[in-house]
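Notes for the one structure printed next.
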Amino acid sequence: MSEKISSIARNTSYFTLALVIQKIISLAYFTIYARVLGPADLGQYYFAISITSIFSIFIDFGLGNVITREVAKHPTKASSLFSNALSIKLIFSVITIIGLIVWTQAWQYNGITRDLIYIAALVMIFDNFTNTCYAILRGFHNLKFESIASVGFQFIVLVFSLFVIGFGLDIRWLMMSLVTASLVNLGYSAYIVRKNRQIRFSFTWDTILIKQVLLIALPFAVYAIFQRFYTFFDSILLFKFAGPEAVGLYQIPFKIIVAIQFLPMAFTASLYPALSAYWHNNREQLSITFERAINYSLIIGIPIMIGTIAMADQIVLLFKEGFTSAAWPLQISMMAVPFMFLSYPIGSLLNACDRQKRNTINIAIVAIGSALLNLYLIPRFGVIGACITTVITSIALIILGWVVVPSIITIRTKKIALMLVRIIGAGSIMGLSAFALKNIFHPIGTIISASVVYAVSLYFFKGFTKEDITSIMISFRKKV
């Protein structure tokens, strides 16, 4: 048992470190893209990625999750699951590409946009087969190679992009940087699976097994479809109703939010195993751990929201002068951050306590609501409409999850409310200091100074103590 716990700890460390480095590199080349391309070209680039990100789920169809789960339960079936999954994905890839071509032709996108979509489709295909390889390794509790590859992928994109920009090549060659990285990643993943698990990259067709796999995959596919539409449909509507420049402006808050989400993602990676164990053997500790997770999500999320709102006009200047009008969308979008952070512990609690179906229902409701709100708001308000939708749906997702929580554990609402008041108080002091200092210091200096002010203020308001920090660390280290 200790060996298994050690393996989980190593995997969590690999994944967390890789996630941090990956987000840093990704944000770095996004900033370069924004400064070089400007809003309109940046919008076309990410519109193509949004389209293919939605279509890609029809290739994967939730198979990655199924393969990982089934390999973990039946390691001897890994080779058969792998080769049959590749066959399914090959057929789904052909169908999806045909659908993507029909979609692209029907909407009559201009030459550059159409080319970008078709190039991004190559990334979509390569990545789906790559994910199948890593799903096998995850089934054997090995995240090391996937973590290395995720960083390597971003590094290749960054280097190739600098090469393209240095030689003055057009935006289609920037998209080719993703193709190059994806192709290298596919080759690497296939090599690792063969070397590490002696499983060859091959295609077989077992009708009975494929039917079983697709049936198991269906709930995962439904969840993924709703999740992808929820994430990317707004960019597609913006492109249709407001044009590529609006999509480019919208990418500023979108990418910043995606970048900072590694904080709750990394935290949840450690939280989920503890919640799962406590659900079965210690309900009191389950309540305590969840309450602390909520508190720490608020402690991190609220100051990020307040600080970014206070410094938005300076933050957008880091990209390019053409993005100054992204300040207001950034301020609005950041209001969703605390709710997004809260969704991680709430979603983890539901999954850990056998309420995963409720999570699927919740994301379906939110995705449909998001689509309807965007259809109404984007034609009227453009980027602002998309940002308002993000805030509303983030709140809705929390409400839908929170109403289930009391049926699982006992919640001390008053204690959480008191903590919220303390955090808002400390965050407000931090926000005022950031607003006062932003025209005096460099943005990095302002962020550091404001962070110190927040930490001191929160400690003064008794938002955390030394004993509190020690206790939460022990709760995750102890054997449960």
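Residues that are in contact with a strand residue (DSSP E or B) (Cβ under 8 Å, 6 or more places away or on another chain) and open to solvent by less than 50 Å² (accessible area, probe 1.4 Å): find the helices (runs of 4 or more DSSP H) completely inside the stretch 26-140 holding 3 or more of those.
It comes to none.
Here are Leu237, Leu275, Leu263: which of them is more than 29 Å from Ala18 (Cβ to Cβ) and within 22 Å of the chain's Cα centre (by Cα)? First the steps, then the outcome.
Numbers: Leu275 fails: more than 29 Å from Ala18 (Cβ to Cβ); Leu263 fails: more than 29 Å from Ala18 (Cβ to Cβ).
The match here is Leu237.
For residues that are under 13 Å from Asn295 (Cβ atoms) and in contact (Cβ under 8 Å) with a residue 60 or more places away in the chain, scanning just the stretch 410-421, find the one that is surrounded by the most Cβ atoms within 10 Å (Cβ to Cβ).
Applying the filter and picking the extreme gives Met419.
Kindly list, by first and then second residue, each pair from a residue in the stretch 305-332 that is of a type in the set (Phe, Trp, Tyr) to a residue that is surrounded by fewer than 20 Cβ atoms within 10 Å (Cβ to Cβ), limited to pairs with Cβ atoms under 8 Å and residues at least 6 apart or on different chains.
So the pair list comes out as Phe319/Thr31; Phe319/Arg35; Phe323/Leu317; Trp328/Ile384.
Please find, among Arg172, Arg200, the residue that is modelled with pLDDT of 95 or more, of a type in the set (Lys, Arg) and open to solvent by 70 Å² or more (accessible area, probe 1.4 Å). Write out each step before concluding.
On the way: Arg200 fails: modelled with pLDDT of 95 or more.
Being modelled with pLDDT of 95 or more, of a type in the set (Lys, Arg) and open to solvent by 70 Å² or more (accessible area, probe 1.4 Å) holds for just one of Arg172, Arg200, which is Arg172.
Out of the stretch 255-286, which residues are assigned to a helix (DSSP H, G or I), open to solvent by 40 Å² or more (accessible area, probe 1.4 Å), modelled with pLDDT of 80 or more and not basic (Lys, Arg)?
Hits for the stretch 255-286 are Val258, Asn281, Glu284.
Quick check on the stretch 439-456: of everything there that is open to solvent by 40 Å² or more (accessible area, probe 1.4 Å) and small (Gly, Ala, Ser), which residue is nearest to Asp313 (Cα to Cα)?
Step by step, filter the stretch 439-456, then rank; the result is Ser451.
Among the candidates Gly369, Gly401, Gly347, which residue alone is open to solvent by less than 10 Å² (accessible area, probe 1.4 Å) and not aliphatic (A, V, I, L, M)?
After applying the criteria, what remains is Gly401.
Within the stretch 287-307, track down each residue that is modelled with pLDDT under 90 and β-branched (Val, Ile, Thr).
Scanning the stretch 287-307 gives Ile288, Thr289.
Residues to consider are Asp313, Asp354; find the one that is part of a loop (DSSP other than H, G, I, E, B) and charged (D, E, K, R). Let's see the steps before the verdict.
Numbers: Asp313 fails: part of a loop (DSSP other than H, G, I, E, B).
Testing whether each residue is part of a loop (DSSP other than H, G, I, E, B) and charged (D, E, K, R) leaves just Asp354.
Taking the stretch 447-463 only, how many residues are at pLDDT below 90 and touching a helix residue (DSSP H, G or I) at 6+ places or on another chain (Cβ under 6 Å)?
Matching residues across the stretch 447-463 total 2.
Checking Gly427 against (1) in contact with a Ser or Thr (Cβ under 9 Å, 6 or more places away or on another chain); (2) modelled with pLDDT under 90, which single condition isn't satisfied?
So the condition that Gly427 fails would be (2).
Is it the case that the stretch 206-226 has a residue that's over 25 Å from Ala312 (Cα atoms) and outside any helix (DSSP H, G or I)?
So far as the stretch 206-226 goes, yes, one or more of its residues are over 25 Å from Ala312 (Cα atoms) and outside any helix (DSSP H, G or I).
Take the conditions in a helix (DSSP H, G or I), on the phi < 0 side of the Ramachandran plot and either more than 29 Å from the chain's Cα centre (by Cα) or surrounded by 13 or more Cβ atoms within 10 Å (Cβ to Cβ) (or both) and apply them to Ala436. Does it pass?
Considered against the rule, which asks whether it is in a helix (DSSP H, G or I), on the phi < 0 side of the Ramachandran plot and either more than 29 Å from the chain's Cα centre (by Cα) or surrounded by 13 or more Cβ atoms within 10 Å (Cβ to Cβ) (or both), Ala436 comes out as yes.
List, please: which pairs have Cβ atoms under 7 Å, are six or more places apart or on different chains, and start with a residue in the stretch 422-437 that is under 11 Å from Ser457 (Cβ atoms) and end with one that is open to solvent by 60 Å² or more (accessible area, probe 1.4 Å)?
As it stands, the answer is Arg422/Phe461; Arg422/Lys462; Gly425/Phe461; Ala426/Phe461, since those pairs meet every condition given.
Among Leu238, Leu249, Leu186, which is the only one that is under 30 Å from Tyr454 (Cβ atoms), surrounded by 18 or more Cβ atoms within 10 Å (Cβ to Cβ), touching a residue at least 12 places away in the same chain (Cβ under 8 Å) and touching a helix residue (DSSP H, G or I) at 6+ places or on another chain (Cβ under 7 Å)?
When all the criteria are applied, what remains is Leu249.
The values are calculated or read from the model by the stated rules, or taken from the named source; none is laboratory data. Computed from a predicted structure; not experimentally measured. Here Cβ is always computed from backbone atoms with ideal geometry, including for glycine, and neighbour counts include all displayed protein chains. SASA here: full protein model, heavy atoms, side chains in, ligands and nucleic acids out. Shrake-Rupley method; radii C 1.70, N 1.55, O 1.52, S 1.80 Å.
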